[in-house]
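This report concerns only the one structure given below.
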Amino acid sequence: MAMNKNVYLDNSATTPVAPEVLEAMIPFFQSRYGNASSLHSEGRDARRAVEESRALIAEHLKVHPSEIVFTSGATEADNLALLGTALRSTGGHLITSRIEHDAVRHSADWLASRGYDVTLLEVDEFGRVSADDVREAIRPDTMLVSVMAGNNEVGTIQPIRAIGEICRERSVPFHTDAVQAYGKIELPMDVIDMLSVSAHKLHGPKGVGFLYVRKGTKLTPLLHGGGHEHGRRSGTENVPGIVGLGVATQIAFEERDRVTQRMEGFREYLIQEVLKLPATRLNGHPTESLPHIANFSFEAIEGESLIMKLDEHHIATSTGSACSSPNLEPSHVLVALGVPLSMAHGSLRVSTGRQTMQDDIDALLKALPIVVQELRDMSPFKVGG
Amino acid sequence: MYTEKVIDHFREPHNRGKMENYSAVGKVGNIVCGDVMWLYIKVDKNDAGQDIITDISWETFGCTAAIATSSMVSDIGKGKTIEEAIAVTNQDVASELGGLPPIKMHCSALAADALNEAIYAYLIQEKRSIPEALQKRHDHIAKEMAQLEERYAAFTEKGNSKPRGCE
């Protein structure tokens with residue numbers, strides 16, 4: 001049992017595939033294996049499955065099915081939104097924030113390196129972008145605003161309705177990375193022009209996602225080939241994945257109120273209990289947060305060591321700190337929030353899923369004080385000193 | 001990504017904690033980049049009149065690799081003469097652990113540097129002459145620390161906190 005992860009609290013990284021999702025997918029690997037572009041009955045069967053899934057997702061988002069473009073995941077969806085907009089011309093201005101996921105951040109960096117102008121919006125101490133800053137940043141040559149719906153490290157929810165309304169007013173397309181927010185919070189689709197989603201964050205399979213693209217939004221495709229997805233994304237459809245994404249979406253939306261209420265309860269309890277430990281802090285907004293993410297810092301402790309120690313207790317969590325990435329810098333999100341450096345290295349992200357039970361939370365709360373003390377005992381920095 | 005030996009030393013590190021009545025301490029690293037080691041040595045003379053490192057302990061703030069290398073260097077250095085201990089490199093420590101992931105070599109393999117700095121501090125304090133190789137390495141370590149602080153100055157301002165341990 002030593003290798004067995006009993007307690008999984010890293011659902012922002014990925015989630016287990018829901019049994020209903022897996023069950024719905026299996027036939028499309030075996031008996032219903034057709035290529036959705038083929039003319040024969042196997043092909044038509046696969047096409048029907050893809051379009052049913054598309055319709056199901058569109059129905060839950062209250063958008064038109066033709067506005068859903070299936071991709072290999074959210075990284076591709078984010079790249080398609082940013083690069084697909086930018087590459088329509090040879091220059092222009094992009095507005096995004098300092099706390100975006102790397103898929104947006106590094107796409108923006110790449111565009112900057114190719115001569116595009118990029119404005120990075122600052123955030124407040126909770127990690128929130130100000131809608132007023134968006135208004136001030138928009139210029140005549142602004143081609144896109146991209147601000148995530150809910151942050152993947154600290155959970156803070158962005159004022160995307162206000163940002164979307166400003167973009168609408170100024171006729172600038174608005175993209176939001178909703179990977180963590182999809183199926184968790186209400187999304188103001190009426191002011192969103194593009195939205196990225198990944199299946200594996202909501203108990204669907206890895207390797208599939210979509211970009212919602214409002215009708216009339218102009219994009220140049222990044223993948224060229226057989227003209228799939230109305231020419232917006234070539235490549236044979238991942239039929240089992242798309243079916244799984246549809247079912248995962250249905251479960252997430254149908255169960256949403258019940259599951260997120262339970263998650264909120266876990267989050268509140270976690271915050272209350274973890275902050276009882278000395279020299280700890282909550283990163284992100286105490287209430288304006290996604291229900292499933294809580295991020296803490298522990299003074300005088302480095303995050304990776306904390307994760308590894310919890311792993312010894314068979315508890316899976318994560319950190320956004322330096323050693324989890326191939327460079328030395330503390331998490332760009334925590335730095336943007338102004339978290340003191342003595343704290344920014346010692347972050348712990350706890351994220352729950354639909355399968356999380358009170359026992360999981362209790363196990364973490366039991367192990368955490370032991371592990372924190374153990375690491376503080378070997379640290380040269382003394383807490384409160 | 002880590003070898004079993006690294007994990008073993010991380011799980012049950014040897015010689016951790018501050019030492020009472022230490023002869024000297026070596027402090028390396030920078031909280032801004034995330035790894036700080038303080039390494040304590042106790043020096044005594046053996047029957048032949050040579051300086052022997054009879055005890056080593058450490059306090060480390062850092063990742064798995066940083067803690068494992070601290071533990072390993074304390075094992076390696078203990079019982080060595082000053083001359084032998086000066087020759088220990090970060091590469092030696094990493095090799096004894098069965099290797100470290102490449103990205104960890106730069107930021108976490110500070111352990112031998114800490115030992116080097118402790119010996120340097122000891123010799124200065126005892127007003128002994130400093131071997132050329134030790135002086136060179138000390139200068140190199142000091143230069144690297146200064147570069148790190150410069151490189152991360154922006155973070156320091158942004159984070160609005162003085163990187164402790166750099167003093």
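In whole Å, what three semi-axes, largest first, describe the equivalent ellipsoid of segment A:189-266 built from its Cα gyration tensor (square root of 5 times each eigenvalue)?
Details: eigenvalues 159, 56, 16 Å².
Rounded to whole Å, the semi-axes are 28, 17, 9.
Could you work out the local net charge near B:PHE10, counting Lys and Arg as +1, Asp and Glu as -1, over the other residues with Cβ closer than 13 Å to its Cβ? Can you show the working numbers first?
Values: positive: A:LYS309, B:LYS5, B:ARG11, B:ARG16, B:LYS104; negative: A:GLU302, A:GLU304, A:ASP311, A:GLU312, A:GLU374, B:GLU4, B:ASP8, B:GLU12.
For residues surrounding B:PHE10, the net value is -3.
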For chain A, which whole-number percentage of the solvent-accessible area (1.4 Å probe, protein heavy atoms only) is attributable to carbon and sulfur atoms? 52
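With r defined as the distance between the Cβ atoms of B:ASN21 and A:LYS276 and R0 fixed at 25 Å, what FRET efficiency is calculated, to the nearest 0.05? Don't skip to the answer; put the middle values down first.
On the way: r = 36 Å, r/R0 = 1.46.
So, using R0 = 25 Å, E works out to roughly 0.10.
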Separation between the B:ARG128 and B:ALA87 pseudo-spin-labels, each 7 Å from Cα along Cα→Cβ, expressed in nm? 1.6
Output for segment A:276-377: trypsin sites (Lys or Arg not before Pro) sitting in coil per DSSP, at most 14 other Cβ within 10 Å, listed by number, reads A:LYS276
Tally Lys/Arg at +1 and Asp/Glu at -1 over every other residue whose Cβ is under 14 Å from the Cβ of A:MET143; what's the total? +2
Which whole-Hz couplings ³J(HN,Hα) result when phi for each residue of segment A:21-34 is put into the Karplus expression 6.51 cos²θ - 1.76 cosθ + 1.60, θ = phi - 60°, listed in order with x for Gly and Pro? 5, 4, 4, 5, 7, 3, x, 7, 9, 10, 7, 10, 8, x
For B:THR3 and A:GLU264, FRET efficiency with R0 = 51 Å and r from the beta-carbon atoms, rounded to 0.05? 0.80
Cross-link candidates for A:LYS366: which lysines have Cα within less than 18 Å, leaving aside residues fewer than 8 places away along the same chain? A:LYS5, A:LYS276, A:LYS309
Highest-fluctuation residue, A:ILE157, A:ILE361, A:ILE370 considered, GNM on chain A with Cα pairs under 10 Å: A:ILE370
FRET efficiency for B:LYS143 and A:TRP110 from the Cβ-Cβ distance with R0 = 25 Å, rounded to 0.05, comes out at 0.15
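Chain pair B, A: how much accessible area is buried, both chains summed, with a 1.4 Å probe, in Å² to 100? Show your work: numbers first, answer last.
Values: alone 9230 and 16630 Å², together 22920 Å².
In total, this chain pair buries about 2900 Å².
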For the pair B:ASN46 and A:GLU169, how long in nm is the line joining their label points, each one 7 Å along Cα→Cβ? 7.9
Which cross-chain or sequence-distant (5 or more) residues have an amide H under 5 Å from the amide H of A:ASP177, H modelled 1.01 Å from N in plane? A:VAL147, A:MET148, A:ALA149, A:SER196
Can you tell which of A:THR236, A:THR249, A:THR90 shows the greatest fluctuation in a Gaussian network model of chain A with Cα springs below 10 Å? A:THR90
Using Cα positions and a limit of under 12 Å, work out the aspartates and glutamates in reach of B:LYS18, with same-chain residues fewer than 8 apart set aside. A:ASP377, B:ASP55, B:GLU59
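Evaluate segment B:4-156: find the radius of gyration of its Cα atoms, find its Kirkwood radius, and give the ratio Rg to Rh. It would help to have the intermediate numbers written out before the result.
Working: Rg = 14.9 Å, Rh = 15.5 Å.
Reported Rg/Rh, Kirkwood definition of Rh: 0.96.
Distances over 24 Å make up what percent of all Cα-Cα pairs in segment A:19-251?
On the way: 11430 of 27028 pairs.
Summing the P(r) tail past 24 Å for segment A:19-251 gives 42 percent.
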Evaluated at q = 0.07, 0.11, 0.12 Å⁻¹: base-10 log I(q)/I(0), Debye formula over Cα of the protein assembly as shown: -0.48, -1.00, -1.12
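Can you say what percent of the DSSP beta bridges in chain A, counting only those with both residues inside, are antiparallel? Round to 5.
Bridges in chain A that DSSP calls antiparallel: roughly 55 percent.
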May I ask you to give the solvent-accessible area per residue for chain A, in square angstrom, as obtained with a 1.4 angstrom probe? 39
Going by a 1.4 Å probe on protein heavy atoms, which residues of segment A:359-385 end up with at least 50 Å² less accessible surface in the whole assembly than in their chain alone? A:MET378, A:PRO380, A:PHE381
Value in Å of the Kirkwood radius, where segment A:176-330 supplies the Cα pairs that are averaged: 18.6
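The values are calculated or read from the model by the stated rules, or taken from the named source; none is laboratory data. Given the structure is predicted, the values throughout are model-derived calculations rather than measurements. Cβ sites come from the backbone with ideal geometry, for glycine too, and all protein chains shown count toward neighbours. The protein model used for the area step is the full one, side chains on, heavy atoms only, and it has no ligands, DNA or RNA in it. Shrake-Rupley method; radii C 1.70, N 1.55, O 1.52, S 1.80 Å.
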